[in-house]
1. Could you give P(r) for region 38-151, binned at 10 Å from zero, as whole percent values over all Cα-Cα pairs?
2. Could you give me the ³J(HN,Hα) list for region 314-322, computed from phi with Karplus coefficients 6.51, -1.76, 1.60 and θ = phi - 60°, whole Hz, x at Gly and Pro?
3. Based on the Cβ-Cβ distance from Lys79 to Arg203, what FRET efficiency comes out when R0 is 35 Å, to the nearest 0.05?
4. Carbon and sulfur: what percent of the chain's accessible surface (1.4 Å probe)?
5. Over the alpha carbons of region 184-244, what is the largest minus smallest coordinate on each principal axis, giving the biggest first in Å?
6. Kirkwood hydrodynamic radius of region 416-472 from all distinct Cα pairs, in Å?
7. If each DSSP helix of 4+ residues adds -39,500 (n - 2.57) and the sum is divided by the residues in the chain, what number results at 222 nm, nearest 500 deg cm²/dmol?
8. Label Asn52 and Ser180 with points 7 Å out from Cα along Cα→Cβ: what is the distance between them in nm?
Amino acid sequence: MDARTDAAHFMFGRRAVPARLGRGCGEWPGSVWILWLVLLQTAVSMCYAAINVRDHGAKGDKKTVDTPAIQAAVDAAVKKGGDTVVLPPGDYLSGAIYLRSNITLQIEAGATLWASTDPKDYPEKRNKLLLADEAERVSVIGPGAINGQGTADYGDRWGVPDKPKFRVGVLLFENCRDVSIRDLKILYSDSWTLHLKGCERVRIDKVTIRNNYRRLNSDGIDPNSCRDVRITRCDIVAGDDCIVLKSTDPAPCENIVVEDCILESAASALKLGTESKGDFRDIRFSNCTIRNSPTGVGLYLKDGAVMERITFSNLSIETPKETVRTVTPLFIDIEKRHADSPIGKIHDVTFRDIQIRSGSGALLQGMPEGAIQKLTLQNVTFHADWADDYAQRKKPVGGRRTTRDERDTLYARLPSYVTIAHARGLTVENLRVIIAGETFRQFPRSALSLNECDGGVVRNVSREPAGQAGQPPAIALHNCKDMDVADHPAVPVRENPR
C-alpha cells in the first residue's frame, strides 16, 4: 500500500469507493466515475503535497535573504501537524531556520542553501543555520547542497592565527529524537558542521562534507552525549576532526555505530573526547578508509568518565608525509585536563583488522594512576614506507588543558611503531610491521614497545627486516610483569626508556 492509497483509506474508509449511492457502482455513468476519481486524486494530492518555499516568497537568487520565507514554509508545515518543506532548484541565502517535530526539509537537486555571513541573520546569538530543540521525527535530506561559506584558511598551524569574529555552523539539533540526515552535500561549514547534542535515535547516511582542510574547528559530525546513533556511508574532508564523539555534559554517549565511511582530517579522523564529562560505551567503528589524517583514531580522556566496550575493525589508515602536527595513526591518552580533574578509565578497547601506512607509530598510553585495561590489538599490519623523525615528537593534546607531565614526550619518542604504556590485561596478536629498507637504515625501530604493562599476552609479532645486534629489538619491554610473550626468539629488556 503506497502513501496515496493509504491516504484514500484514511479519508474514505477501507473501501476507496462507496458500495452504493442509489445504484451499484458498476451502474454509474462513465462521467461520474471520472469526476469521482478526479476529486479523489485532488484530495489525496492536497493531503500529501509538499510545501514549496517559493510559495511563501523565497526568491532563490542568492541576493535576497530568504530566511523569512523559508521559516514561513516551515511554520505552515507545523500547523498541518508536519510535512515536507521543499527547496526547489535555486540559491537560497538564509540565516537561522528553526525546524520542529514531524518536519522534513528537502533540498532538491540543483538547490543550494547558503549560510548568511551576517550576524544580524542569527537572532539570540545562535550561530547555526539549521536549529531544532526537543523535536521528534525531524529530517534534513537532499540530494541538494548546503554551503556554509567558510572558505578561508584559519588556524595558527597554517600561519593564520586570527580567529574570525563570526562563524556559522550548519546544524545544531538539541534533545531531539528520531533524527534523519541523508543524501546531502555540505560545503565549507565555518565551524562544527553537524552537531547533535543530547539526541536519541539518529540516522546519518550518505552525507558528503567538504570543508576547508586548512580551517580550524570545521569538524564534520559531532554526536555529543547522544545515544542510538548510526552514521553510514559518509565521505568527509574536515579542517578538524571528521567524526568525533563528545560529552560536554555529564551525560553518556552510547550505542554508536560508524561504518563504511571515507575520512580525511587535519586532526583526528575518528575521535572520542576531548570533552569527556560523561561516559562513552558500546561504540563500534568499522569498514572505514582514513587518509591524509595525522591521527587516524584518537581516544582523548581528560575530564574523568569512562570509555568502555569500544571496537575499531577493518580500518585502512594512511597518515600524511608532511604535517605540522604530531602523527599517531592510533592514539589513546588518559590525562587530567586540570590539576583537580578526576582521572578517567578506559577499558575493553579492541583494534582488529587494521591496515596502517605511516612514518610514525601508534601511541597508546594510560597513566600510572589509571592504566588502560583490557586493550586488544589483533591482525594489525603496519607499513613504514618512510620514517618521521621522533627527536621533537610529542603526544597530540587535542584540546585545552592546564597540566602536563613527562608522558607528553617520554613514550612518544621511543624507537617503535607500536608503543603501549601503562596497560593491564593486554593482548597483542598478529602484529606485522614492514619497514622499507632505507627507512630502517635511517631510523631502526622496534615493532612493539611495552612499558609499565601488567599482565598480558603477546603472540606472533614480526618485523621486516628482523634487524641485527645493536639495533632496537623487534619487541622491547620495560618494567613489565606477568607478560606471556611467544612466537619470537628473543625479547630483550631495556633498563631505561628515555
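The values are calculated or read from the model by the stated rules, or taken from the named source; none is laboratory data. If you're wondering where the values come from, they're calculated on a predicted model, not measured in any experiment. Cβ sites come from the backbone with ideal geometry, for glycine too, and all protein chains shown count toward neighbours. Accessible surface areas use protein heavy atoms only, side chains included; no ligands, DNA or RNA. Shrake-Rupley method; radii C 1.70, N 1.55, O 1.52, S 1.80 Å.
1. Reading upward from the zero bin: 15, 46, 31, 7, 2, 0.
2. Coupling constants for region 314-322: 6, 10, 10, 10, 10, 9, x, 7, 10 Hz.
3. Values: r = 26 Å, r/R0 = 0.76.
Given R0 = 35 Å and the Cβ-Cβ separation, E is 0.85.
4. Numbers: 10130 of 21050 Å².
Within the chain, the accessible surface is 48 percent carbon and sulfur.
5. 31, 21, 13 Å, listed from the longest principal axis down.
6. Working: mean 1/r = 0.0822 Å⁻¹.
So the Kirkwood estimate lands at 12.2 Å.
7. Numbers: 4 runs with 48 residues, N = 498.
Using -39500 (n - 2.57) per qualifying helix, the result is -3000 deg cm²/dmol.
8. 2.3
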